Each structure stands twice: as structure tokens, then as C-alpha cells.
Amino acid sequence: MLRTVGLWTGCVAGALEKKEYEGILREVGFEDVAVEMTNVYDPEIVEGLAGPEEIEALRRVPAASAFVRARKPIERKTNLG
């Protein structure tokens, strides 16, 4: 459970959308990429929100937990010489 706005804002500041994160993993060579959301936190459980604007912001960009799974194939060196 999130306890402070500081923790939430720290997470959101560097957060990526699920599809964007999956795309980046594929671009750098990962295969079988899967991001599975495990929990989306309700704004009412986050302590320290100052008012309705912060609650609404958390509804638009929810804080969530996820499992990230991906496989990076082994690169095999070929002997061309």
C-alpha cells in the first residue's frame, strides 16, 4: 500500500505506459515480452493526498504493480575466419 504522496509522485515521475515499456524491451532485443498488472491502487488508500485535484490525478495516472517477464536470446558468435 502506498503511504505518502512522495512515494506516489516518485513512481509516476519515471513511469511508462505499459505498451511503451513493452516496446522498449522489444527494441533492445527481448522476446516473449509480457507485462501483467497485478494491482491498481485506489486513490482513497493513498495517505497524504491534499485534495480532490490530487485524487483525480491519481485516477488519470493510476499507481500499479506489475510482473514483467521477457526473454533475451543468447547471441552466438560465429567463427568467420
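Computing FRET efficiency as 1/(1 + (r/R0)^6) for E20 and R76, where r is the C-beta to C-beta distance and R0 is 35 Å, gives about 0.70.
Tell me, V35, V68 in order of fewest to most beta-carbon neighbours within 10 Å?
Details: V35 16, V68 13.
Ranked by crowding around the Cβ, least crowded first: V68, V35.
Placing dummy labels 7 Å off each Cα toward the beta-carbon, the span from V28 to D42 is 3.6 nm. A simple count of charges around I74, restricted to other residues whose Cβ falls under 15 Å of its Cβ and scoring Lys, Arg +1 and Asp, Glu -1, yields +1.
Here, each number is a calculation from the coordinates, and none is a lab measurement. All figures in this text were calculated on a predicted structure; none of them were measured in a lab. Methodologically, a virtual Cβ is constructed for each residue, glycine included, from the backbone with ideal geometry; neighbour enumeration extends over all protein chains shown.
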